[in-house]
1. For the range 402-420, which positions are under 21 Å from LYS292 (Cα atoms) and touching a helix residue (DSSP H, G or I) at 6+ places or on another chain (Cβ under 9 Å)?
2. Sort out which residues of the range 73-101 are surrounded by 13 or more Cβ atoms within 10 Å (Cβ to Cβ) and among the β-branched types (Val, Ile, Thr), and write them in order of number.
3. Within the range 370-399, work out how many residues are over 19 Å from GLU418 (Cβ atoms) and under 23 Å from the mean Cα position of the chain (by Cα).
4. Specify which of the listed residues (ASP47, ASP43) is on the phi > 0 side of the Ramachandran plot, modelled with pLDDT of 95 or more and either loosely packed, with under 12 Cβ neighbours inside 10 Å or not assigned by TED's automatic domain parsing to the domain that holds ASP274 (or both).
5. Which pairs have Cβ atoms under 7 Å, sit 6 or more apart or on different chains, and link a residue in the range 293-306 that is closer than 14 Å to ALA319 by Cβ to one that is part of a loop (DSSP other than H, G, I, E, B) and of a type in the set (D, E, K, R)?
6. All but one of (1) outside the structural domain of ASP44 (by TED's automatic domain parsing); (2) in a helix (DSSP H, G or I); (3) within 30 Å of the chain's Cα centre (by Cα) hold for GLY239; which doesn't?
7. Before we move on, is SER318 outside the structural domain of SER223 (by TED's automatic domain parsing) and hydroxyl-bearing (Ser, Thr, Tyr)?
8. Only residues that are closer than 19 Å to SER318 by Cβ, surrounded by fewer than 22 Cβ atoms within 10 Å (Cβ to Cβ) and not hydroxyl-bearing (Ser, Thr, Tyr): list them for the range 242-269, please.
Amino acid sequence: MKQQQADCACDEIPQSLISTSEALALLIGSARVINTTQMVMLDDALDRVLATDVRATINVPGFDNSAMDGYALHLQEDQLGVAGGVAFEITDRIPAGSIGNVLAPGCAARIFTGAPVPEGANTIIMQEECELIEKGSKIEIYRPIAYNENIRPMGNDIQSGSVILQVGLKLQPQAIALAASVGVNVLEVFNKIKVGVFFTGDELVEPGRALEAGQIFNSNRYSLVALLNKLGCEVVNLGNVEDTLDATCSALERLSAECDLVITTGGVSVGEEDHVKPAVEKLGELSLWRIKMKPGKPLAFGNVGDSAFIGLPGNPVSAMVTFLLFARPFIKKMQGVSDYLNTTVRVEANFDWHRSKPRREFIRVCLDHNTAPAKASQYPKQGSDILSSMVWADGLIEIPEKTTFKSGEILNFYPLSEMML
């Protein structure tokens with residue numbers, strides 16, 4: 001599918017912009033899941049994506065065991081439900097990791113949390129409900145007792161043969177612990193995707209150097225690399241590239257030869273110094289160029305050879321917002337993550353929206369959680385250059401195109417706390 005093909009000449013006829021939902025659908029539909037895997041030890045599995053289901057080969061627990069410290073009882077029918085004063089002789093002591101002896105009718109065994117329930121025992125009473133009598137040789141219980149109290153049955157957590165972790169899961173500590181609980185010590189995961197990046201703009205200077213007139217520090221380099229590292233990508237970083245068509249083509253050719261995805265910031269608009277778009281069209285093709293949204297209209301997507309290409313806008317807020325809304329789910333699907341789409345929650349706008357805008361807007365907001373739903377207040381400056389707003393904000397509110405509303409409107413909210421994971 002090839003859309004938005006255009007020459008970059010300044011006298012071109014303006015083209016219609018694609019909607020945000022159409023753009024996201026195009027990227028997601030084009031994402032190819034990485035097809036190579038590797039085996040990793042559990043200690044190295046955090047944040048990797050599971051490439052195959054994990055199936056239990058044992059029951060967990062593997063035996064009936066005690067849910068607490070107390071006494072295992074061989075309760076007889078005439079003792080069942082008796083109001084109080086029932087005594088049992090203590091004949092055994094079973095710590096965790098030990099196997100007790102067969103428990104005779106009317107007898108008790110001191111038992112500890114996790115210890116196997118001995119043969120003959122049919123209930124467990126917690127130690128706080130027992131009174132030691134006859135110099136500690138017996139216990140007496142003063143409440144009615146039922147069968148199977150405080151016994152965790154075999155397979156209570158996991159049944160042998162069941163799938164405990166599914167392909168596409170991004171492995172977190174609890175999932176790794178679950179694998180360990182059934183004796184799995186290695187997991188098959190998708191290989192990390194390799195993402196190549198470079199940055200255009202002769203005005204860009206690395207932090208730590210002195211600025212000359214007309215120059216700015218390159219914040220996009222550090223936001224993009226940090227976002228990719230958060231996603232667990234292997235990053236190939238060429239840094240700043242000279243603002244010429246030849247230098248841009250050279251960088252694209254180098255990265256596309258070794259990376260699964262190439263991402264740039266800047267150079268995808270229609271100015272005379274914007275070389276990324278014509279370079280991609282020269283070496284590959286563009287399927288998407290401009291999106292009907294703010295911030296972030298000039299977002300490019302296509303391919304150079306076998307490598308996918310995403311061109312982010314140059315303004316720092318636009319670059320971060322378009323990465324989070326489009327590049328992030330695209331990358332997660334490439335990684336094999338099953339739950340790759342961004343999630344939203346509903347919040348209440350604590351501001352009026354007077355002007356109907358032709359583009360969908362994503363407003364930086366901060367939440368007040370003292371109400372339900374939470375109320376969202378917008379940052380006073382919403383320019384795509386106001387990077388400080390991204391530190392202040394809790395997330396983005398989505399305002400549909402051609403919309404006006406009064407304070408109290410319920411809208412979709414994208415939490416930055418989740419989108420940065």
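The values are calculated or read from the model by the stated rules, or taken from the named source; none is laboratory data. Model, not experiment: these values are computed from the prediction. Glycine also receives a Cβ, built like all others from the backbone with ideal geometry; neighbour counts cover every protein chain displayed.
1. Scanning the range 402-420 gives a single hit, TYR414.
2. Answer for the range 73-101, where residues must be surrounded by 13 or more Cβ atoms within 10 Å (Cβ to Cβ) and among the β-branched types (Val, Ile, Thr): VAL82, VAL86, ILE90, THR91, ILE94.
3. 0
4. Going through ASP47, ASP43 in turn, just one is on the phi > 0 side of the Ramachandran plot, modelled with pLDDT of 95 or more and either loosely packed, with under 12 Cβ neighbours inside 10 Å or not assigned by TED's automatic domain parsing to the domain that holds ASP274 (or both): ASP47.
5. Matching pairs, first to second residue: MET293/ARG359; LYS294/ARG359; LYS297/ARG290; PRO298/ARG290.
6. (2) is the only condition that GLY239 fails.
7. No: the conditions fail for SER318.
8. ASP243 - this is the single residue of the range 242-269 that is closer than 19 Å to SER318 by Cβ, surrounded by fewer than 22 Cβ atoms within 10 Å (Cβ to Cβ) and not hydroxyl-bearing (Ser, Thr, Tyr).
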